[in-house]
Amino acid sequence: MSKSIEIQVLDKLKRSPRGTLFFVESFTKIANAKSANKALERLVKSGEIERVAQGIYVRPVIDDYIGKVLPSIEEIAIAIAKRDRATIVPTGSYAMYKLGLTTQVPLNIVFYSDTSARKIKIGKQTITFKKASSKNLAFVGEISTLAIQALRTIGKDQASAEEIKQIKKILKNENPKHLQHDLQLAPVWIRKLILDNE
């Protein structure tokens, strides 16, 4: 019986493109959580799939040059948010990294979220979901959200002329309506900084 569960689980995994993330809950139509978990662990042992974190699995993309390519930490965070029907917003040093203000990939990636606060360990990195107010999650522009979060992290009167210049340059790619909407939610000092000398 357990063998057929394993075959069904693998069959479902193979129907999706490589790199697709799966959770134990993805297989509840095939088996209960305990049986699905056992089947997944056996598939990890046989090398069919990789376990990226507790309860999260993937059939890695295979690159001709570098071999197995596992999903990025952001892809994992987005998949978790999708599963939980949660809204997430990148914050802190990760927002700065995404904007190109720092080249250092942060080991602890923090997202504001409307679900419960928790930490998920992915190898040496950690994804932290911080419970945030609805105002902090109401941003609509991808670039403006990152810019506002990055400036919050840098701090009032702490941003260098170079950082401000870079942020303004990147914001030129944002939809003006989205930017206008998001600036209304931003602290006054950030609004002034971004709108200054436009």
- Normalised convex hull volume, the chain, alpha-carbon set, Å³ per residue: 146
- Item | region 72-86 - phi-based ³J(HN,Hα) in whole Hz, Karplus 6.51/-1.76/1.60, Gly and Pro as x | 6, 4, 5, 4, 5, 4, 5, 5, 5, 4, 5, 4, 8, 6, 9
- Query: Taking +1 at the Cβ of each Lys and Arg and -1 at the Cβ of each Asp and Glu, which of 4, 27, 78 sits farthest along the dipole of region 1-93 towards its positive end, judged by Cα position relative to the Cα centre?
  - Reply: 4
- Query: If each of residue 168 and residue 189 carries a label point 7 Å out from its Cα toward its Cβ, how far apart are those two points in nm?
  - Reply: 1.9
- Task: Determine ³J(HN,Hα), in whole Hz, for all residues of region 109-117 in sequence, where each value follows from phi through the Karplus function 6.51 cos²θ - 1.76 cosθ + 1.60 and θ = phi - 60°; x replaces Gly and Pro.
- Result: 9, 10, 10, 6, 8, 9, 9, 5, 5
- Note on the structure: Restricting to lysines and to Cα separations under 25 Å from residue 165, and discarding same-chain partners fewer than 8 apart, the set is 98, 156, 177, 192
- Percent of accessible area on region 54-149 owned by carbon and sulfur, 1.4 Å probe? 53
- Expected unfolding gain across residue 50-residue 20 under the 0.36 nm per residue rule, minus the alpha-carbon gap, is 9.7 nm
- Could you do me a favour and compute the accessible area per residue for the chain, 1.4 Å probe, result in Å²? 59
- FRET efficiency for residue 131 and residue 102, using Cβ-Cβ distance with R0 set to 30 Å, rounded to 0.05: 0.70
- Charged-residue dipole, Cβ positions (Lys, Arg, Asp, Glu), region 36-189 about Cα centre, Debye nearest 20: 460
- Considering the options 57, 144, 195, tell which one lies farthest towards the positive end of the dipole of region 49-198, charges being +1 on Lys and Arg and -1 on Asp and Glu at the Cβ, about the Cα centre. 57
- Check: region 57-124 dipole with +1 on Lys, Arg Cβ and -1 on Asp, Glu Cβ, in debye: 280
- Task: Treat every Asp and Glu Cβ in region 1-125 as -1 and every Lys and Arg Cβ as +1, leave all other atoms uncharged, and give the resulting dipole magnitude about the Cα centre to the nearest 20 debye.
- Result: 380
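The values are calculated or read from the model by the stated rules, or taken from the named source; none is laboratory data. This one's a predicted model, so the numbers in the text were calculated from it and none came from an experiment. As a convention, Cβ positions derive from the backbone with ideal geometry for all residues, glycine included, and neighbour counts pool all protein chains shown. The area values use the complete protein model at the heavy-atom level, side chains included, leaving out ligands, DNA and RNA. Shrake-Rupley method; radii C 1.70, N 1.55, O 1.52, S 1.80 Å.
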